[in-house]
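Everything on this sheet refers to the single structure shown next.
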Amino acid sequence: MNIAPRYNPAEVEEKWYTHWLNKDYFHSEPDDREAFSIVIPPPNVTGVLHMGHMLNNTIQDILIRKARQEGKNACWVPGTDHASIATEAKVVRMLRDRGIKKADLTREEFLKYAWEWKEEYGGIILKQLQKLGASCDWQRTAFTMDEVRSEAVIRVFVDLYKKGKLYRGHRMVNWDPEAKTVLSNEEVIYGLEQSRIYYVKYRIEGSDEYITIATTRPETIPGDTAIAVHPEDERYTHLHGKNALVPIIGRVIPIITDSYVDREFGTGALKVTPAHDMNDYEIGKRHHLAVVDVFNEDGTMSPAAQIYPGEDRFTVRKKFSKDLEQVDHILKVEDYQNNVGRSERTNCVVEPRLSLQWYVDMPALAGPALKAVMDDTIEFFPKNQKNIYRHWMENIKDWCISRQLWWGHRIPAWYHGEHIFVAETAQLALEEARNVLNNPHLTLEDLRQDEDVLDTWFSSWLWPISVFDGFNDKKEISYYYPTSVLVTGWDIIFLWVARMIMAGYEWMGEKPFEDVYFTGMVRDKLRRKMSKQLGNSPDALKLIEDYGADGVRFGMMSCSPAGGDLLFDEKLCEQGRNFCNKIWNALRLVSGWETDNIRPVSAGDQLAYAWMTQKMSKLLRENEQNFKEYRLSEALMNCYSFVWDDFCSWYLEAIKPAQGEKMAEQTKQNTLHLFSQICSMLHPFMPFITEEIWNVLHDGKVKYDCIVSPYPHPEGYDELFIAKVEQAKDIISAVREIRNKNGIKMKDPLALVMTESDKAKVLFDLAGWKEFCIKLANLSSFDTVTALPAGFTFISDTEQLCVVSEEQLDVEGELKEKETELNYQIGFVRSVEAKLSNERFVNGAPSAVVEKERQKLRDGNERIRILTEDIERLKQLRK
């Protein structure tokens, strides 16, 4: 068997991914098997692979590969999101580079360029996911603006409108002046920023008195239409019903009273600018105030501002504050920290703006979605996300779904004068218009379609339904829906997760997924969020190139606690690469062993194999629970410890034949079977190297590939048997440590004895146990004695042992070591005694747990007894 001396990830990954695609392993069609379906959180078509994608999709791939190996019909649907704001910005930039302005194009011309850009760049991230090993059903690749998804979006809009759950209203919105579109509340990111607070004096009409207000936005003063004070604020009682003059502008505005005013903030007097503040707008409605919009849609000053028309709002802030200062209307200016809302997409400071937009009545949809999560019909992992979800759902606001863009699903609403006709097609809208207006001569030219498009999330909330063409293909949707699990970031719990649950109950009458696993944020080792600005976000593809996909997957998952933030360090990928090399070297070692068909399996080899199979069953049982609770990092690290320590460092050493000798054929077959089981167990985490090794182990005569090999099932195991072999390992390690400390070469055999006891008899009666110790510790003999001779003594569990040696004993060193160990054991026993003296623990804990603590106490006291005797013996030797 010709095996390369070094594992070559690039070569192996390309080979096996192509093979899997050619064999159609990733594709799924409904059949009589249990379905296991996952829908990918669709990355933006503008996106390239970053660390968050790597984590999220590695987790999904682990789950889908395991399900595939368990015999389930595994279906992982990939796709991309059209990302209205981000994509339109990319296309505008592309056109600018070509010397073309968007304003010079018709809508149809612009969309032609947009589709051109999408076709050229839109699939990059999906190709990159293949490098990671993502086993998506690529034949099912969906796009939120393809025909099937678009039909679903339009259908849902019309349905909500007909039900009275979607409406058009004139309301205050979040406006992105850079993208020139409205944003939903969830698309605005708030953060503390350093600002300044200006104390501005307004002269009272007909007097020399002034009232002072505090504002962080002097550029909005031209839009003021009132000053509000609290009705119970005695400082301003004498001004009730009077008027003030807007500085420089000269507009006469009333001084009104409103209980909304915070008497403790600033001066207790509030400038009211209904066009440019959400709360001011509500005050304005209550008091019937005029609305003066001082900004254009791009954030520049409008003609209504009467100052600096066409100049940017932040430039005007500086200029106008100086103007106010020159005419003595600034009392003082202070540094101030305040919450500033920025656009999630453009990072532009969001501007409140009064606008006519389309809204979904979210409280009308929220009930079933809230109940499903709170009663665990849909399970959240980690559980703490339930409270966050509940708070948002109980305080949910209507969702603004219209966007002032061209790239996206155009709103299916047509206008004729004041009449609105909502329909799935223009022809259906025309028919409705003819009926309503009683005018059979109307034509499409008489109707005007809404210019706006729908929020990108309006297509994404239908994703678990639309990817299976749920409104048309009943066979697909009834088989794959609800999906098995959604893997996503907690940061879009409101933008996406909650809305998908609402959509699921509204149109399918059923939850969209069984479980939701929220991944943490990928951070650097200093706990900083990864970003281009900080330069701490590594190139995902370069990591794969340097460490191999399996190495990177290991690196990501090894530091990814369930639901917690991932503290990424490139050294973890190096550890993953080293793990691949370790397994590869184990393959080369095993493959190089020659066998003897006649030679019987030794008792020591039998013991080693039995220990490994039982230890693996125990591991698989533990990992069953880890998978159920999405503790994938713990599952991986359990596998890592088992393979690196138990299999490579102990088992292979235990069965390795002596130099120049052959091993029993059955021992090698047992080892090849064990190695195959390890490949199947590790495959979901590290698919490429396990597939390569699997095929090498089966020497090209494989009945099926590792990707579809049955996932190992835990058999029964004997905890006491495992513990006996673990004690043998403990004894061997102690002997090796004595060799290292005392300069005794490994090739020199040593005699070892153990004090006679019932426990010692049980150990020595276990077939192969003594042989296992003798081989791995290189012992000339290993027996029990009534009294220990002179030599190097140590304790294993509660047994006392001695390495008989002619080397001179370092009495002082041994004494110091024993006293240190005695102090540790005394502290250990005290801690156990404290736990057992706690009545709440003894009465409340399961009896098995309490008995385990009592056994710890007995064992600890026995070790103290042995150590005390050892110390006394060493003190006698010192004399």
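Contact annotation: residue pairs with Cβ atoms under 6 Å, 6 or more positions apart or on different chains, pairing a residue in the stretch 703-732 that is closer than 30 Å to A74 by Cβ with a partner that is open to solvent by 30 Å² or more (accessible area, probe 1.4 Å) and part of a loop (DSSP other than H, G, I, E, B), are I707/Y25; Y711/E70. Listed by first and then second residue, the pairs linking a residue in the stretch 599-626 that is over 17 Å from H673 (Cα atoms) to a residue that is among the hydroxyl-bearing types (S, T, Y), with Cβ atoms under 8 Å apart and 6 or more places separating them unless they lie on different chains, are S602/T667; K618/Y717; R621/Y717. Inside the stretch 687-735, residues that are in contact with a helix residue (DSSP H, G or I) (Cβ under 9 Å, 6 or more places away or on another chain), more than 26 Å from L776 (Cβ to Cβ) and among the small types (G, A, S) make up a count of 2. Put simply, of V829, V842 the only residue that is open to solvent by less than 80 Å² (accessible area, probe 1.4 Å) and modelled with pLDDT of 85 or more is V829.
Could you say whether any residue in the stretch 580-588 is open to solvent by 50 Å² or more (accessible area, probe 1.4 Å), at pLDDT 95 or above, of a type in the set (G, A, S) and touching a helix residue (DSSP H, G or I) at 6+ places or on another chain (Cβ under 8 Å)? So far as the stretch 580-588 goes, no, none of its residues is open to solvent by 50 Å² or more (accessible area, probe 1.4 Å), at pLDDT 95 or above, of a type in the set (G, A, S) and touching a helix residue (DSSP H, G or I) at 6+ places or on another chain (Cβ under 8 Å).
With the condition kept exactly as written, say whether any residue in the stretch 96-105 is in a helix (DSSP H, G or I) and open to solvent by less than 20 Å² (accessible area, probe 1.4 Å). No, the conditions are met nowhere in the stretch 96-105. Please verify whether E394 is in contact with a Leu (Cβ under 9 Å, 6 or more places away or on another chain), open to solvent by 50 Å² or more (accessible area, probe 1.4 Å) and acidic (D, E), treating the condition exactly as stated. Yes.
Which of the residues belonging to the stretch 190-235 are assigned to a helix (DSSP H, G or I) and surrounded by 22 or more Cβ atoms within 10 Å (Cβ to Cβ)?
P218, E219, T220, I221, P222, G223
Taken together, the residues in the stretch 1-31 that are aliphatic (A, V, I, L, M) and either touching a Pro at 6+ places or on another chain (Cβ under 8 Å) or in a loop (DSSP other than H, G, I, E, B) (or both) amount to 3. Of all residues in the stretch 376-390, those being at pLDDT below 95 and exposed (fewer than 13 other Cβ atoms within 10 Å of the Cβ) number 3.
Return the total of residues in the stretch 466-479 being surrounded by 23 or more Cβ atoms within 10 Å (Cβ to Cβ) and in a helix (DSSP H, G or I). Going through the stretch 466-479 one residue at a time, the tally reaches 1. For the stretch 401-430, which positions are without any contact (Cβ under 8 Å) to a residue 40 or more places away in the chain and in a strand (DSSP E or B)? Once the filter is applied, which keeps residues that are without any contact (Cβ under 8 Å) to a residue 40 or more places away in the chain and in a strand (DSSP E or B), the stretch 401-430 yields W414, Y415, H416, H419, F421. Quickly run through the stretch 691-729 and pick out the residues that are farther than 18 Å from C639 by Cβ, open to solvent by less than 70 Å² (accessible area, probe 1.4 Å) and of a type in the set (A, V, I, L, M). Matches in the stretch 691-729: V696, V702, V708, A723, V725, A728. For the stretch 106-126, give me each residue that is open to solvent by 40 Å² or more (accessible area, probe 1.4 Å) and part of a loop (DSSP other than H, G, I, E, B). Within the stretch 106-126, just T106 meets the criteria. Filtering P538, P512, P482 for residues that are open to solvent by less than 10 Å² (accessible area, probe 1.4 Å), in contact (Cβ under 8 Å) with a residue 24 or more places away in the chain and on the phi < 0 side of the Ramachandran plot leaves a single hit, P512. Across the stretch 323-341, the qualifying residues are those that are aliphatic (A, V, I, L, M) and open to solvent by less than 70 Å² (accessible area, probe 1.4 Å), and the one among them that is nearest to Y210 (Cα to Cα) is I330. Of all residues in the stretch 401-446, which are closer than 17 Å to D159 by Cβ, aliphatic (A, V, I, L, M) and open to solvent by 80 Å² or more (accessible area, probe 1.4 Å)? Across the stretch 401-446, the qualifying residue is only L428.
Looking across the stretch 147-189 at every residue that is at pLDDT 95 or above and β-branched (V, I, T), the one that is surrounded by the most Cβ atoms within 10 Å (Cβ to Cβ) is identified as V156. Report yes if some residue within the stretch 44-66 is in contact with a strand residue (DSSP E or B) (Cβ under 7 Å, 6 or more places away or on another chain), more than 25 Å from S558 (Cα to Cα), outside any strand (DSSP E or B) and open to solvent by less than 40 Å² (accessible area, probe 1.4 Å); otherwise report no. Among the residues of the stretch 44-66, at least one is in contact with a strand residue (DSSP E or B) (Cβ under 7 Å, 6 or more places away or on another chain), more than 25 Å from S558 (Cα to Cα), outside any strand (DSSP E or B) and open to solvent by less than 40 Å² (accessible area, probe 1.4 Å), which makes the answer yes. Does Y236 meet the test of being aromatic (F, W, Y) and out of contact with any helix residue (DSSP H, G or I) (no Cβ under 8 Å at 6 or more places or on another chain)? Yes. Specify the residue that is nearest to Y210 (Cα to Cα); the eligible residues are those in the stretch 236-262 that are surrounded by fewer than 16 Cβ atoms within 10 Å (Cβ to Cβ) and within 47 Å of the chain's Cα centre (by Cα). The residue in question is D262.
The values are calculated or read from the model by the stated rules, or taken from the named source; none is laboratory data. Everything numeric in this text was worked out from a predicted model, so none of it was measured. Note: ideal-geometry Cβ built from the backbone for every residue, glycine included; neighbour counts use all protein chains shown. To get the accessible areas, we keep the full protein, side chains included, count just its heavy atoms, and leave off ligands, DNA and RNA. Shrake-Rupley method; radii C 1.70, N 1.55, O 1.52, S 1.80 Å.
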